[in-house]
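Participant: Pasting a structure below so you can have a look.
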Amino acid sequence: MLLDKEVNDNGVSLYRNSVGTSRYLTRGKKASLISVVKMQEAFLLQMLDKLPHLIKTGRSKMNIQKEMNGNDVEDKTNYGDVDNNTKREMAQNLQNTNSTKMMPGPDKLSPDFQMKFIAVMDSLAAPSAPSLVKSFDLSPHKEAVDLGGGSGRVSIELAKAYPDMKVALFDLPPVIQIAQKFNASQQMKNMTYIGGDFMAGDFPRADLYVLAHVIHGFENEQIDTLLKKVYKRLSPGGSVLIMEKVLTEEKDGPDLGITNDLVISLMSQGRERTGAEYNSLLCRHGFRNVVIRHIEGYNYYDAVMAKKPF
Ligand SMILES: C[S@@+](CC[C@H](N)C(=O)[O-])C[C@H]1O[C@@H](n2cnc3c(N)ncnc32)[C@H](O)[C@@H]1O
């Protein structure tokens, strides 16, 4: 959240900076968000630069991203030291964005840029993936599908930790092609690659679905579509394992959850959630026994597991 809203006794709406905005988007304070943005090759800087426009107009973030390529928003973007090809590619990517796919739509990027994007996703997941797959005993599960699995880091760690489990990495076809190349030196006997669109099409049945950094990038309606499909295709007694940084109930921590929330708010229709919000989201779709495990250390993920009743 960028701003917190409160309605006073006279019905007047009052806005104040959210904890994340005060901490990371306030002039004069150390802008630790900027280093995250730079690490992601200035993709997010374009959107940070449009922040006043976003807040003043309250227009859909997706529209703003499209406008950024048109004429009605003055472009004062500071691209830093990003090269011209990267800038062109960013603009093209924003124009090509399809609302059924999460920003920034890696399938629309050139192979060279996709490889860079996959590498960024991989570096975010790599430190915590081994702990994440062991945060719950997943050994009773026989077939797992890692929906929107990106680089495959979580799938690979799942396949390593549970050699008897069949693991499928599922992502958009162009992303799957890149992931296969990216992991060429790390072939796992119990892991397969499947290309598809989990919003528009179907995906294999399983007794375990993993959704790592997927839910936080979509708007509520799309999350409902996806969770409905996951529930329907999941075997009775099966599990869904959501891997996202879970916010405290006060939404004042952890730090990486707050910064992620700001970044996600800027680049997509999504946001980070508290444990209670995940509980109610999952229960609304029929899941039960929601359990949250926090992953220690500097990382971008926690684990939220829920069951489909028999
Ligand atoms: C932020 S990445 C997360 C990747 C990986 N799960 C991780 O944690 O590193 C989101 C992934 O979802 C994939 N994705 C987005 N929309 C999709 C769709 N409609 N069908 C299949 N995959 C999709 C993207 O291609 C991307 O690889």
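Participant: In µm²/s, what is D for the range 178-274 at 20 °C and 1.002 mPa s, where D = kT/(6 pi eta Rh) by Stokes-Einstein and Rh is the Kirkwood radius from Cα pairs?
Facilitator: Here the translational diffusion coefficient equals 139 µm²/s.
Participant: Quick one: Debye curve from the C-alpha atoms of the range 122-307, no solvent, what's log10 I(q)/I(0) at q = 0.20 Å⁻¹?
Facilitator: Debye curve over Cα of the range 122-307, log10 I(q)/I(0) at q = 0.20 Å⁻¹: -1.61.
Participant: I'd like the trypsin sites (Lys or Arg not before Pro) in the range 191-243 restricted to DSSP loop residues with at most 15 other Cβ atoms within 10 Å, sorted by number. Intermediate values should be presented prior to the final figure.
Facilitator: On the way: sites: 205, 228, 229, 232, 233; in loops: 205.
For trypsin sites (Lys or Arg not before Pro) across the range 191-243 that sit outside H, G, I, E and B with at most 15 neighbouring Cβ atoms in 10 Å, the list reads 205.
Participant: What ranking of 298, 231 comes out by heavy-atom accessible area, probe 1.4 Å, highest first?
Facilitator: Order by accessible area, largest first: 298, 231.
The values are calculated or read from the model by the stated rules, or taken from the named source; none is laboratory data. Just so we're clear, the structure is a prediction, and the values are computed from it rather than from any experiment. We place every Cβ from the backbone using ideal geometry, glycine too, and count neighbours over all the protein chains shown. In case anyone asks, the SASA skips ligands and DNA or RNA and just uses the protein heavy atoms, side chains included. Shrake-Rupley method; radii C 1.70, N 1.55, O 1.52, S 1.80 Å.
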